[in-house]
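Everything on this sheet refers to the single structure shown next.
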Amino acid sequence: MVYELGKLNHETLMRPVAAAEDALARLEERVARSEVKDGFAERADFFDSVSSMWVAGELVHLEDLVLHDAQMDVRAPSHELVIAHRIVRARRRISRNDPGWAVSRSGIMALAGIAQEPAGEQEQLDRGEEGADVEHDDIDVLSPELAEIDEVLARTEWLVDGDASGAQKSREPEVSIGELLIRDPEWDETERVAAWLELVKTVEVLPATLAAAVLWDAWEHLEPIQRQHWLGQILISDFMRSRGKVRSHLLAYSVGLREIPRERRRARDRTTRLVAYLDALSASAGAGLKDVDRLTLARRQLQRKAAGKRSTSSLPIAIDLLLSRPIVSAHMIAKAARISPRGALNLVRELSVREMTGRGRYRAWGIL
């Protein structure tokens, strides 16, 4: 499949492009200088994951995702929850790497869990050289999700053997009723990813926000990866980071997409869709600014309560945890501060934070 860039309607697009550029510039300036930068970035991973599942038509509760990330599930994790946590881990992995790493062939294949052709063979084919030095990218194959354990075992088998056959180097189309896994035999992921990456080079001449909107529209049209369609939203965020628009953190693009009506996101006219995607960038920046303001105010209020305490007090640890998670439980505070759950409840009572659940048996607190 090929995505035709064609001629863009610049007269219609320039106004939302300017609005998105300004909104992202304000967000970057605020976050880069903010005292709650780290906590804001960690919270954004959870908000973006839940919003990404919502855009895809799946509902994942924020508290379940936070507890699953802390390995404190109150029930067996659902398939949707496992996918949502994979989004969180993918965002964290991208944040640890250099800007633009995810928007590359090796980055996409690693995040999607697709084994690649040996880098040496590909380099020799491209350059016509023999004996070229090769850098092997670290592929995250040991995924802990039970829903994909068969796929993980299949990939680790050829890694242990050290001799991958052609059938093992790339994921083959398959149908498995047991885990509700259905793949299209004619779905060439490698070709579609290559087409999308070619478009990444083409849109370099466009403004960053407009280029991101075009790339997201192309991802929706090409659908390069069959089972990880959520990956496209994270790639757009890393693309914005590589273009220097949002370097302080990984933009929660799905939060903005969630605010855009489906009729606009799925419109037949491409210009209407691009305007919707640009408005989503502005909405993401607006939501980020509000969250920075809330966290800054909450941090100052909580620090007043911790002022004058002894140096061995666990209040600073509890405050940092509250700022980095949408919700926290007594067991999460106890684990982070290495105290008893009873002691964690005493810390919560001393900080006077808002209770989020309203339940008697399961209680959690957070910053709204």
Dimensionless Rg over Rh [the range 1-112; C-alpha; Kirkwood]: 1.04
Using alpha carbons only, how many angstrom separate the centre of the range 1-37 from the centre of the range 309-368? 37 Å
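Carbon-plus-sulfur fraction of the accessible area of the range 255-363, 1.4 Å probe, in percent? Let's see the in-between values first.
Numbers: 2810 of 6130 Å².
Percent of accessible area from carbon and sulfur atoms in the range 255-363: 46.
With Kirkwood's inverse mean 1/r over C-alpha pairs for Rh, give me the Rg to Rh ratio of the range 234-311, two decimals please.
Rounded to two decimals, Rg over Rh is 1.21.
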Taking only the alpha-carbon atoms of the range 189-238, the convex hull volume per residue, in cubic angstrom, is 63 Å³
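For a protection proxy built on the mean count of beta-carbon atoms within 10 angstrom, sort 76-83, 301-308 highest first, please. Walk me through the numbers on the way to the answer.
Values: 76-83: 16.6, 301-308: 12.8.
Ranking the peptides 76-83, 301-308 by packing returns 76-83, 301-308.
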Give me the accessible area of D64, 1.4 Å probe, in Å² rounded to the nearest 10. 40 Å²
Residue by residue through the range 284-296, which ³J(HN,Hα) values in whole Hz follow from phi under the Karplus form 6.51 cos²θ - 1.76 cosθ + 1.60 (θ = phi - 60°), with glycine and proline marked x? 4, 5, x, 5, x, 4, 5, 5, 4, 4, 5, 5, 5
Could you state the accessible area per residue of the range 257-330 in Å², with a 1.4 Å probe and every protein chain left in place? 51 Å²
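The values are calculated or read from the model by the stated rules, or taken from the named source; none is laboratory data. Being a predicted model, the structure only gives us computed values, none of them experimental. A quick note on method: Cβ atoms are made from the backbone with ideal geometry, for glycine too, and the neighbour counts reach across all protein chains shown. These accessible areas exclude ligands, DNA and RNA; they are computed on the full protein's heavy atoms, side chains included. Shrake-Rupley method; radii C 1.70, N 1.55, O 1.52, S 1.80 Å.
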